[in-house]
Amino acid sequence: MKIRTALCTLALTGFGFAQSAAAFDQGDWLVRFGASYVDPESTNHELVSVDSGTSFTFNFSYFMTPNLSLELLAAYPFEHDITIDGTKVASTKHLPPTLSLQYHFMPDSAFQPYIGLGVNYTHFFDEKTYGPLAGADLKLDDSWGLEGQVGADFMLNDRWFLNVSARYIQIETKAKLDSNSIGTVDINPWVFSGNVGFRF
């Protein structure tokens, strides 16, 4: 609902602006930068729950045709608290580089919605333990998974534009405590982003 409301607002705003801004075209490069909110599944594991997190994100896109582009998502590390029955017992950081193929429906419009499908690699690091787990060694394995997205760009002029997007990413990690497996944690977050973009 959050991203649907944002996209509708952006679409209605677009009708109030001149439609003369140049559209994206084959050979264009885009850079988008902003913030992303990662909202994991509410129930990740029977013992382990991973809280939400926000961080700076940016991505690069290359247009192979006016409709098709490749996008690489990168980010400053996200940090998440890990809780057991509501008590913080650990924290971890992760990097989620994601490569996506995007289809842009309206390449000649100032308002340009798109969908995408891609592959995500998530690297977990800097796990720390607290409280009842203080001193224990927690490890989260890296993850590979699919990613789907919906978003929209709105051209402010020939170079600058605004962007909103939502992604669903498959992230599953095997958790170990003192080298003993405690099972698979299904994080599978929604990622909501707001960006400013530049075309070159």
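Work out how far the C-alpha atoms of the chain reach from end to end along every principal axis, then list the three figures in whole Å, largest first.
61, 29, 21
Count the lysine pairs in the chain that are 8 or more places apart or on different chains: how many have C-alpha atoms under 14 angstrom apart?
Details: Lys88/Lys128; Lys93/Lys128; Lys93/Lys139; Lys128/Lys139; Lys128/Lys176; Lys139/Lys174; Lys139/Lys176.
Lysine pairs meeting both conditions in the chain amount to 7.
How charged is the neighbourhood of Phe60? Take every other residue with its Cβ under 10 Å from the Cβ of Phe60, and add Lys/Arg as +1 and Asp/Glu as -1.
0
Say R0 is 22 Å: what FRET efficiency, to the nearest 0.05, do Val196 and Asp158 get from their beta-carbon distance?
That gives a FRET efficiency of 0.90.
Could you go through region 175-183 in sequence order and give the Karplus-derived ³J(HN,Hα) for each residue, using 6.51 cos²θ - 1.76 cosθ + 1.60 with θ = phi - 60°, rounded to whole Hz, and x for Gly and Pro?
9, 10, 10, 6, 6, 9, 5, 10, x
Return the distance in nm (one decimal) between the two label points of a simple spin-label model at Leu101 and Asp85, each offset 7 Å from Cα along Cα→Cβ.
4.9
Keeping all protein chains in position, work out how much accessible area Glu127 exposes to a 1.4 Å probe, and write it in Å² to the nearest 10.
40
How charged is the neighbourhood of Tyr168? Take every other residue with its Cβ under 12 Å from the Cβ of Tyr168, and add Lys/Arg as +1 and Asp/Glu as -1.
-2
For Arg199, Arg32, Arg159, give the ranking by accessible area with the largest first, probe 1.4 Å.
Details: Arg199 20, Arg32 0, Arg159 110 Å².
The residues order as Arg159, Arg199, Arg32, largest area first.
In percent, how large is the relative contact order of the chain, given Cα pairs closer than 8 Å and 6 or more residues apart? Mind dumping the intermediate values first?
Numbers: 546 pairs, mean separation 44.3, N = 200.
Relative contact order for the chain comes out at 22 percent.
How many Å² of accessible area per residue for the chain, probe 1.4 Å?
Normalised by residue count, the accessible surface of the chain is 50 Å².
Any chance you could give the angle, 0 to 90 degrees and rounded to 10, that helix 2-15 forms with the longest Cα principal axis of the chain?
The helix 2-15 is inclined about 10 degrees to the chain.
First compute the accessible area of the chain with a 1.4 Å probe, then give the percent of it belonging to carbon and sulfur atoms.
Its accessible area is 61 percent carbon and sulfur atoms.
When the helices in the chain are scored as -39500 (n - 2.57) per DSSP H run of 4 or longer and the sum is shared across all residues, what 222 nm value do you end up with, to the nearest 500 deg cm²/dmol?
Mean residue ellipticity at 222 nm (helix-derived): -2500 deg cm²/dmol.
What FRET efficiency would be calculated for the residue pair Asp126, Val31, taking the C-beta separation as r and a Förster radius of 30 Å, to the nearest 0.05?
Working from the Cβ atoms, E equals 0.65.
Considering only the chain, what is the antiparallel percent among its DSSP beta bridges, to the nearest 5?
Here the share of antiparallel DSSP bridges comes out near 100 percent.
Tally Lys/Arg at +1 and Asp/Glu at -1 over every other residue whose Cβ is under 14 Å from the Cβ of Ala136; what's the total?
+1
The values are calculated or read from the model by the stated rules, or taken from the named source; none is laboratory data. What you see is a predicted model; the values in this text were computed from it and never measured. All Cβ positions, even for glycine, are placed from backbone atoms using ideal geometry, and neighbour counts span all protein chains on display. Accessible surface is based on the protein model in full, side chains and every heavy atom, while ligands, DNA and RNA are left aside. Shrake-Rupley method; radii C 1.70, N 1.55, O 1.52, S 1.80 Å.
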